[in-house]
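Trainee: Pasting a structure below so you can have a look.
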Protein chains: 2
Amino acid sequence: MKLGRIGVQGPDGNVARLVLVLPEEGRVIDLKKAKRLALHSGGATQEAANRLAEALFPQSMSAAIALGDTFLQAARSVDAERRDEASIDIGSVSWLPASDPSVVRDGLTFIGHIKGFHEKIGHAPTPSLLKVPGYFKGTPHTVIAHEAEVPWPGYIEHMDYELELGYVIGRRGGNLRPENARDYLFGITIFNDFSARDRQAIEMPIQMGPTKCKDFAYGIGPWITTIDEFADLDAIPMEVRVNGETWGKGNSANKLWTVEELIAWSSLGEQLEPGDVIGSGTMGGGSALELGRKLQPGDVVELEVGGIGTLRNRFGQPQPDIWWPEERKPFM
Amino acid sequence: MKLGRIGVQGPDGNVARLVLVLPEEGRVIDLKKAKRLALHSGGATQEAANRLAEALFPQSMSAAIALGDTFLQAARSVDAERRDEASIDIGSVSWLPASDPSVVRDGLTFIGHIKGFHEKIGHAPTPSLLKVPGYFKGTPHTVIAHEAEVPWPGYIEHMDYELELGYVIGRRGGNLRPENARDYLFGITIFNDFSARDRQAIEMPIQMGPTKCKDFAYGIGPWITTIDEFADLDAIPMEVRVNGETWGKGNSANKLWTVEELIAWSSLGEQLEPGDVIGSGTMGGGSALELGRKLQPGDVVELEVGGIGTLRNRFGQPQPDIWWPEERKPFM
């Protein structure tokens with residue numbers, strides 16, 4: 001199944017709806033509405049049908065995934081019926097980020113990108129990269145949806161995309177092992193780790209992780225494909241286009257750490273939550289940096305991933321008048 | 001006012017209650033209960049009184065703070081009455097983390113610690129530290145309360161504390177400036193950035209920020225003191241004791257970046273949320289690393305901060321049998 005989130009107008013403003021996505025039929029099905037109608041047909045009052053449908057298909061994808069198999073079964077029963085009354089033309093919907101993670105994590109697993117990145121910046125990779133599956137944490141408040149404009153804070157000069165898979169966590173878990181990590185993987189979405197290379201060069205030496213070079217936007221969408229639909233996690237086709245031109249093409253092979261190792265490592269000493277998204281790290285050749293290119297305001301980036309679809313975003317104009325700190329004098 | 005969170009037993013398990021803390025009277029006041037009783041005295045039915053009291057004083061501190069002045073006014077009206085029927089002996093309560101931040105951030109502002117840390121690890125600080133107010137992001141899922149046992153994942157050898165102030169955000173905001181950042185500061189709590197120095201030495205060179213060396217626990221408590229009670233943010237007394245012995249003593253003076261600059265910087269290109277906690281960075285001499293010492297299982301760490309109180313935590317025993325990744329062979 002393909003599962004997504006859209007915004008619809010309600011009496012108190014926009015509300016989110018979870019949808020079953022049927023790209024081949026050109027429509028999505030509003031899961032809550034379909035379930036409410038089915039429950040009402042089965043004898044429930046409108047009020048009771050609405051209450052149970054809302055509990056099964058809340059506004060938050062993470063909250064829905066947290067129901068475990070109950071959510072998947074309920075979605076499958078809607079899929080089996082595919083009611084026309086709950087259908088919406090796919091071309092008319094307003095997408096929301098496919099998940100609303102409590103924490104955004106982003107790994108570094110594709111050997112091609114690690115090589116390409118370090119060749120470009122002229123540094124050897126740290127030996128630490130061979131010891132542990134490194135990742136950074138991003139703010140969850142700037143995740144953006146398919147077709148959303150990418151904000152461009154005015155302090156950014158050198159803008160880039162990063163083509164990644166987004167592993168969506170299905171169950172709460174800590175101290176996992178690679179042998180059981182696959183059971184915690186709900187599905188895969190497309191993840192664009194937008195990156196400001198000029199800011200990154202300043203921030204990374206502090207060693208506390210990216211902040212202003214990454215936290216302005218994380219693209220998550222267009223929807224999630226459930227994990228049962230992927231035959232081989234190391235053979236997923238991936239491609240990036242800028243303004244319609246192919247800038248990178250490859251697949252999900254050649255990883256330094258497996259998906260299961262990245263998930264297990266992320267869970268050590270803490271816990272993963274349903275709906276959390278872990279970026280795979282950039283595909284080899286999946287950034288403009290590796291090509292010696294950069295993006296301009298108004299550019300359109302499309303990330304296409306086999307078995308999922310295409311995540312498309314256009315960059316906005318640089319936002320002016322943002323405060324910037326004054327450099328301090330050395331103190332030691 | 002001093003505002004905290006405690007756990008109480010309900011018919012479906014533990015629930016959180018927000019409390020007004022009166023250390024000098026040896027009691028806390030259950031804010032929801034006090035409000036419910038006051039509303040009922042004023043003519044509300046039990047059911048309606050309960051509904052409104054829950055909306056004003058929900059289980060989440062962040063959700064309460066998100067009400068803005070309405071929350072503070074409601075808490076002040078409870079403070080004005082100080083009802084005995086809603087009081088609980090302070091010695092009998094089970095504390096929860098004083099806030100439930102959506103994102104944990106932790107800065108690096110005290111010059112004394114930056115000097116002491118770099119002298120100890122034998123590296124010069126990066127020039128980037130003079131350019132921007134660096135911070136890292138921690139997972140919000142491992143925040144622990146006053147008197148909670150600190151988990152000790154078995155892969156950690158060299159355990160440390162860090163004595164910090166926790167700035168609690170009061171309003172949603174992005175692209176703030178230092179001149180208006182103070183309006184977004186709800187209060188201050190005590191923040192213990194527990195740190196595994198052996199793991200940190202491996203992780204930091206990856207430059208993606210701390211993960212396993214920090215994300216196992218962040219101490220936040222014992223409660224929040226609202227910002228109106230602090231006369232001078234650069235003159236707050238701070239002290240750390242280990243097993244009753246003073247290991248560090250100082251105050252909040254001598255910062256590389258002001259509180260307002262740290263808050264404004266954290267908000268650039270993204271947004272701070274009510275209840276978010278930003279650590280000040282460690283006070284000079286506020287870590288055992290600077291003393292050449294380390295902690296053992298069972299040690300008790302007390303962080304005392306003037307105008308707030310004491311955050312006390314005992315370390316648990318190392319947790320065995322955690323998976324660890326196998327080192328990879330160099331590939332370039």
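The values are calculated or read from the model by the stated rules, or taken from the named source; none is laboratory data. In this text the structure is predicted, and so the values were computed from the model without any measurement. All Cβ positions, glycine included, derive from the backbone under ideal geometry; neighbour counts span all protein chains shown.
Trainee: Pull out all pairs, ordered by first then second residue, where Cβ-Cβ is under 6 Å, the residues are six or more apart or on different chains, the first lies in the range B:185-206 and is over 28 Å from B:Ser62 (Cβ atoms) and within 14 Å of chain A (Cβ to nearest Cβ), and the second is surrounded by 24 or more Cβ atoms within 10 Å (Cβ to Cβ) and of a type in the set (Gly, Ala, Ser).
Mentor: B:Ile206/A:Gly134
Trainee: Test B:Gly138 against the stated conditions and say whether it is more than 29 Å from A:Ile202 (Cβ to Cβ), within 11 Å of chain A (Cβ to nearest Cβ), modelled with pLDDT of 95 or more and touching a strand residue (DSSP E or B) at 6+ places or on another chain (Cβ under 6 Å).
Mentor: no
Residue-wise test of (1) more than 9 Å from chain B (Cβ to nearest Cβ); (2) of a type outside the set (Gly, Ala, Ser); (3) within 18 Å of A:Leu262 (Cβ to Cβ); (4) touching a residue at least 60 places away in the same chain (Cβ under 8 Å).
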residue	(1), (2), (3), (4)
A:His113	yes, yes, yes, yes
A:Pro125	no, yes, yes, no
A:Gly134	no, no, yes, no
A:Glu157	yes, yes, no, no
A:Ile169	yes, yes, yes, yes
A:Ala181	yes, no, yes, yes
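Trainee: Just checking, does the range B:178-186 include any residue being buried (at least 23 other Cβ atoms within 10 Å of the Cβ) and more than 17 Å from the chain's Cα centre (by Cα)?
Mentor: The answer is yes, given that some residue of the range B:178-186 is buried (at least 23 other Cβ atoms within 10 Å of the Cβ) and more than 17 Å from the chain's Cα centre (by Cα).
Trainee: Enumerate the strands (runs of 3 or more DSSP E) found wholly within the range B:1-86, keeping only those where 1 or more residues are among the polar types (S, T, N, Q).
Mentor: Those strands (runs of 3 or more DSSP E) span B:2-10, B:13-22.
Trainee: Now, a different point. Being part of a strand (DSSP E or B) and either at pLDDT 95 or above or over 23 Å from A:Arg199 (Cβ atoms) (or both) is the requirement here; does A:Leu130 meet it?
Mentor: No, not satisfied.
Trainee: Give just the number: which of (1) without any contact (Cβ under 8 Å) to a residue 40 or more places away in the chain; (2) on the phi > 0 side of the Ramachandran plot does B:Ala80 not satisfy?
Mentor: (2)
Trainee: If you don't mind, there's one more thing I want to ask. Tell me yes or no: at least one residue of the range A:233-241 is over 19 Å from the mean Cα position of the chain (by Cα) and charged (D, E, K, R).
Mentor: No - not one qualifying residue is present in the range A:233-241.
Trainee: In this structure, does B:Phe191 turn out to be touching a helix residue (DSSP H, G or I) at 6+ places or on another chain (Cβ under 8 Å) and closer than 29 Å to B:His146 by Cα?
Mentor: No: the conditions fail for B:Phe191.
Trainee: Out of (1) within 11 Å of another protein chain (Cβ to nearest Cβ); (2) in contact (Cβ under 8 Å) with a residue 12 or more places away in the chain; (3) not in a loop (DSSP other than H, G, I, E, B), what's the single condition that is false for B:His118?
Mentor: (2)
Here's the yes/no breakdown for (1) more than 14 Å from chain A (Cβ to nearest Cβ); (2) surrounded by fewer than 18 Cβ atoms within 10 Å (Cβ to Cβ); (3) closer than 20 Å to B:Ile220 by Cα; (4) touching a Pro at 6+ places or on another chain (Cβ under 9 Å):
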| site | (1), (2), (3), (4) |
| --- | --- |
| B:Leu52 | yes, yes, no, no |
| B:Ala55 | yes, yes, no, no |
| B:Ala64 | yes, no, yes, yes |
| B:Phe110 | no, no, yes, no |
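Trainee: Tell me the residue from B:Val168, B:Val93, B:Val78, B:Val143 that is within 28 Å of B:Pro237 (Cβ to Cβ), over 16 Å from the mean Cα position of the chain (by Cα) and β-branched (Val, Ile, Thr), please.
Mentor: B:Val93
Trainee: If we keep just the residues of the range A:146-155 that are assigned to a loop (DSSP other than H, G, I, E, B) and either within 17 Å of the chain's Cα centre (by Cα) or more than 8 Å from every other protein chain (Cβ to nearest Cβ) (or both), which is surrounded by the most Cβ atoms within 10 Å (Cβ to Cβ)?
Mentor: Residues of the range A:146-155 that are assigned to a loop (DSSP other than H, G, I, E, B), as a first pass: A:146-148, A:154-155.
If we keep only those that are either within 17 Å of the chain's Cα centre (by Cα) or more than 8 Å from every other protein chain (Cβ to nearest Cβ) (or both) too, we end up with A:146-148, A:154.
Details: A:His146: 26, A:Glu147: 14, A:Ala148: 21, A:Gly154: 15.
Only one residue fits best here, namely A:His146.
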